[in-house]
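Following: one structure in structure tokens, then a few remarks.
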Amino acid sequence: MAAVSLRDVRKSYTKDLQVIHGVSMEIADGEFIVILGPSGCGKSTLLRMVAGLETITAGEIAIGDRVVNNLEPKDRDIAMVFQNYALYPHMSVYDNMAYGLRIRGFAREKIEERVQRAAEILELKKFLDRKPRALSGGQRQRVAMGRAIVREPQVFLFDEPLSNLDAKLRVQMRGELQALHRRLGTTSLFVTHDQVEAMTLAQRMIVMNAGRAEQIGAPLEVYARPATTFVAGFIGSPPMNLIPRDGRLMGVRPEHLEPCGESEAMLSIEVDLIEPLGADTLVYGHIGDREGTRVAARLHASVDARTGRLPLRYAPGQVHWFEPASGRRIEA
């Protein structure tokens, strides 16, 4: 295991095409970091630079006490798990997990020991003789993780590894990843566009936007105190409402709005859509004319939501303020 340092890391393909704009972060030994952002934000490019699959235009990446900018991927002591599993279809599960060790010249006994240990951790022992086509999607992803585990690297790199799984399997695999990290304690960087994955897996997260780190922090910290309107609008489902108010942007999360009488109303919306979700009901509406500011409220299912005018209130302590031009948070 090892710490990872990103020091003003930049990536440009041409003079006019810069995709990573100076990302810096100190990642502790054994920490689980999630790199979160929408498609095209640079999150996978950043991960690939740590892996050595993309060259670095400027800055430094260090793994442990070594600057790895000019090292080949095989010399960085990392293991990577991809979105598409990348298993050899003609090989058994055992051989898929053992292959990387064989080509590195490991002794047969050492290979057997490592593969059996990884198979036990991932509950794959009864599948070791099967080919990938005889496995479910979740089992294939566990084999891909097993292939990484047997390497016993200093750092695990995960590039959207759960994206091809259905919703139920994704929940299961998130739990397995958490258990795996608790057991191995290996420094891990995990890329995803899914905020639920980020919130449940990360010890800290990097929220990326257009090649920049908008905010770095623990999941609940990022959720409770978004640094920018981008973060406020990206984290949360539905995202934070952003409402022009007194020359600033007022932010309030849907769950912090509640119905009230007209005399208590802090804002009123015209309801456009109601989505019952069981325990909660999502209400979507607008302020002013139909092209006005959109607002979402998460209400308890007991609330009798209906179309028409809906007065709402919020606790002042749950309000966030942002500078309209820059989108940066304004501290009270």
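Check ALA62, ALA98, ALA86, ALA58 and return the single one that is farther than 30 Å from ALA213 by Cβ and either open to solvent by less than 30 Å² (accessible area, probe 1.4 Å) or among the small types (Gly, Ala, Ser) (or both). Result of the check over ALA62, ALA98, ALA86, ALA58: ALA98. Only a single item in (1) under 26 Å from LEU220 (Cα atoms); (2) open to solvent by 80 Å² or more (accessible area, probe 1.4 Å) is not met by TYR13, and it is number (1).
The residue pairs whose first member lies in the stretch 301-324 and is over 17 Å from ASP280 (Cβ atoms) and exposed (fewer than 12 other Cβ atoms within 10 Å of the Cβ), whose second member is of a type in the set (A, V, I, L, M, F, W, C) and at pLDDT 95 or above, and whose beta carbons are closer than 6 Å, counting only pairs six or more residues apart or on different chains, do not exist in this structure. Within the stretch 307-327, being on the phi > 0 side of the Ramachandran plot and at pLDDT 90 or above holds for one residue alone: GLY327.
What number of residues within the stretch 66-107 are part of a loop (DSSP other than H, G, I, E, B), of a type outside the set (Phe, Trp, Tyr) and farther than 11 Å from PRO132 by Cβ?
Step one: of the stretch 66-107, the residues part of a loop (DSSP other than H, G, I, E, B) are 68-72, 76-77, 82-92, 104-107.
Remaining after also requiring of a type outside the set (Phe, Trp, Tyr): 68-72, 76-77, 83-84, 86-87, 89-92, 104-105, 107.
From what is left, the residues that are farther than 11 Å from PRO132 by Cβ are 68-72, 76-77, 83-84, 104-105, 107.
Counting residues in the stretch 66-107 that are part of a loop (DSSP other than H, G, I, E, B), of a type outside the set (Phe, Trp, Tyr) and farther than 11 Å from PRO132 by Cβ gives 12.
State whether the residues of the stretch 21-38 include one that is open to solvent by 70 Å² or more (accessible area, probe 1.4 Å), under 17 Å from GLN154 (Cα atoms) and in contact with a strand residue (DSSP E or B) (Cβ under 9 Å, 6 or more places away or on another chain).
yes
Name the residues in the stretch 65-83 that are in contact (Cβ under 8 Å) with a residue 24 or more places away in the chain, among the hydrophobic types (A, V, I, L, M, F, W, C) and open to solvent by 50 Å² or more (accessible area, probe 1.4 Å), would you? If the condition is that a residue be in contact (Cβ under 8 Å) with a residue 24 or more places away in the chain, among the hydrophobic types (A, V, I, L, M, F, W, C) and open to solvent by 50 Å² or more (accessible area, probe 1.4 Å), then PHE82 is the only one that fits.
Quick check on ILE111: is it open to solvent by less than 60 Å² (accessible area, probe 1.4 Å) and not in a helix (DSSP H, G or I)? No; evaluated as a whole, the condition is false for this residue.
Looking only at residues in the stretch 43-55 that are over 13 Å from the mean Cα position of the chain (by Cα) and among the small types (Gly, Ala, Ser), which one is surrounded by the fewest Cβ atoms within 10 Å (Cβ to Cβ)? For the stretch 43-55, the residue satisfying everything is ALA51.
Of the listed requirements (1) open to solvent by less than 60 Å² (accessible area, probe 1.4 Å); (2) farther than 22 Å from SER5 by Cα; (3) under 23 Å from the mean Cα position of the chain (by Cα); (4) of a type in the set (A, V, I, L, M, F, W, C), LEU220 misses just one: (1).
The lone criterion from (1) buried (at least 18 other Cβ atoms within 10 Å of the Cβ); (2) in contact with a strand residue (DSSP E or B) (Cβ under 8 Å, 6 or more places away or on another chain); (3) not hydrophobic (A, V, I, L, M, F, W, C) left unmet by GLY236 is number (2).
Selection over the stretch 212-239 of residues that are more than 23 Å from VAL9 (Cα to Cα) and hydrophobic (A, V, I, L, M, F, W, C) gives a count of 5. Restricting attention to the stretch 245-273, the residues being touching a strand residue (DSSP E or B) at 6+ places or on another chain (Cβ under 6 Å), more than 20 Å from ALA305 (Cα to Cα) and open to solvent by 40 Å² or more (accessible area, probe 1.4 Å) number 1.
The values are calculated or read from the model by the stated rules, or taken from the named source; none is laboratory data. Owing to the predicted nature of the structure, the values given are computational and were not obtained by experimental measurement. Quick reminder, even Gly has a Cβ in these numbers, built from the backbone with ideal geometry, and neighbours come from all protein chains shown. Just the protein is used for accessible areas: all its heavy atoms, side chains included, with ligands, DNA and RNA removed. Shrake-Rupley method; radii C 1.70, N 1.55, O 1.52, S 1.80 Å.
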